Amino acid sequence: MSHHTVRGAYDDLANRLNRFPQGAPPTALLFRILALLFTEREADLVSRLPIKPFTAGEASRAWGRPLAETQRALETLADKGILLDVAERAGTRYVLPPPMAGFFEFSLMRVRQDVDQSVLSELFYEYLNVEEDFIKALFAVGETRLGRAFVDERAIPPALSLQVLDHERASEVVETASDIAVGICYCRHKMQHVGRACDAPLDVCLTFNGVARSLTRHGIARAIGKPECHDVLARSRERHLVQFGENVRERVSFICNCCGCCCEALLAARRFGFLHPVHTTGFEPAIDPATCNGCGKCVAACPVDALSLVSAHDPARVNRKTIEFERDRCLGCGVCVGVCPKHSIALARRPERVMTPLDSTHRVVLMAIERGGLQDLIFDNRALFSHRAMAAVLGVILRLPPVKRAMATEQVRSRYLEAMIRRMAH
């Protein structure tokens, strides 16, 4: 069997990773990365895990191994940051996170000796920053994005403060989280090893809820309280970093504090801005040309090159400059507001409504539909699909607009499921 050969085990693992909407193009660099993070035996075992969250008993049956041996293997994988384990009332459930946001980041969110992080960082840099396939597949396929920008709440004018929805505020994510943890910024840590890091703080990668519990338990991140978390956000805003988090409204699992020179998402926004790789906030800058002196500080601070200096067309001062912004590139983060010495920039509501998926199940189902992989979520033969998981997926499909719902039924290609969707919809 293929998983009894070294390359076969990693081939099987790459195939397993790419059955999730956020996969990883299988290039030679990917196999070198996987060989650093996974032993051959681990690659074989992980390749046989289900896509949905699973129990130790389900993994034991998938692997054909005794339960006690399976539990030890799962614990080892969670210690390495390959699996997440989340304690629930019914017991612990495990999940293999995607490479990003997932075990790629977890591998560099702490200093560790079991992996050569310098070599790993160089491979990550080549795979993510030099080659384009992974970043394009992650950030530029379909309409639903992995992450979104959060608006700098200090930049919102008082007249608009009551219009800011709870899920648009990073502070609300903090206040509603059951658990919070902080770790090393994967992006800046990687760039340190390749000699390209900026001087922004490292300890600013925030995780929440079940992800935070798992990472804390295995020493990948440090548990913190809400006051310290607010301090991390405030310190990051003072450095003009962008809050970039999971693109959901409820139970956000991560918020990174990102710079335009190291962050994968913001680098993608700079390289492929026309593809809208990051969901924007519901805001955009409004520039007052009468008071703008064209100093260019906002241009230098913009993390995605959405601002530029242009002629003010002032006959009395032919060299006078003012600011112009590209709506398609702009994140609506508000960094430009905070650096303007003349207070010539204010945030205004975008003319179009920004749609954010309800939760991670909603986001994953939408991404699967858009990327042609919904059948992998539903027909996962590595473990029995629980009624709860099926209900969650079908519930999302039923709330979709007609065009997306039709795309879903076409991908599934099941008369039974199509009939169920039609019957429940009506």
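Each value in this text was obtained by applying a stated rule to the coordinates, not by laboratory testing. Since the structure is predicted, the reported quantities are computational estimates derived from the model, not experimental observations. When we count neighbours, we look across all protein chains shown, and the Cβ atoms used for this are built from the backbone with ideal geometry, even at glycine.
Laid out as a table, the results:
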{"quantity": "Principal-axis tilt of helix 360-370 within the chain, Cα atoms, nearest 10 degrees", "calculated": "90 degrees"}
{"quantity": "Projected-area average for region 200-331 over all orientations - Cα convex hull basis, square nanometres", "calculated": "9.7 nm²"}
{"quantity": "Relative contact order %, region 23-116, counting alpha carbon pairs below 8 Å whose residues are six or more apart", "calculated": "27 percent"}
{"quantity": "Computed label-point distance, nm, for sites D199 and E175 using a 7 Å Cα→Cβ extension", "calculated": "3.5 nm"}
{"quantity": "Point-charge dipole on Cβ atoms (K/R +1, D/E -1) for region 283-348, about Cα centre, debye to 20", "calculated": "260 debye"}
{"quantity": "Unit charges on C-beta of K, R, D, E only; dipole of region 180-299, Debye", "calculated": "340 debye"}
{"quantity": "Proximal lysines relative to K190, as straight alpha-carbon distance under 23 Å, when same-chain residues fewer than 8 apart are discounted", "calculated": "K80, K136"}
{"quantity": "Gyration tensor verdict on region 2-96 (Cα atoms; rounded if a/c is under 1.5, prolate if a/b is larger than b/c, oblate otherwise)", "calculated": "prolate"}
{"quantity": "Whole-Å semi-axes of region 177-222's equivalent ellipsoid (Cα gyration tensor)", "calculated": "24, 10, 6"}
{"quantity": "Length-normalised contact order of the chain in % [C-alpha pairs under 8 Å, at least 6 apart]", "calculated": "16 percent"}
{"quantity": "Pairwise FRET efficiency - Q375 versus E75, Cβ, R0 = 30 Å, nearest 0.05", "calculated": "0.40"}
{"quantity": "GNM top mover of D305, D114, D133 - the chain, alpha-carbon springs below 10 Å", "calculated": "D114"}
{"quantity": "Reachable lysines from K297, criterion Cα separation under 24 angstrom, eight or more residues apart if same chain", "calculated": "K321, K342"}
{"quantity": "FRET efficiency, 1/(1 + (r/R0)^6) with R0 45 Å, evaluated for A137 and C295 via beta carbons", "calculated": "0.70"}
{"quantity": "Quarter of Cα convex hull surface for region 283-348, i.e. mean projection, nm²", "calculated": "4.0 nm²"}
{"quantity": "Anisotropy class of the chain from Cα gyration tensor, a/c 1.5 cut", "calculated": "prolate"}
{"quantity": "Rounded if a/c under 1.5, otherwise prolate or oblate - region 134-275, Cα gyration tensor axes", "calculated": "rounded"}
{"quantity": "Karplus-derived 3J(HN,Hα), 6.51/-1.76/1.60, for each residue of region 182-190, Hz, glycine and proline x", "calculated": "10, x, 6, 5, 4, 4, 6, 4, 4"}
{"quantity": "Length gained when the stretch D116-K226 is fully extended (0.36 nm per residue, less Cα-Cα span)", "calculated": "36.3 nm"}
{"quantity": "Stokes-Einstein D for region 61-128, Kirkwood Rh over Cα pairs, 20 °C, 1.002 mPa s (µm²/s)", "calculated": "157 µm²/s"}
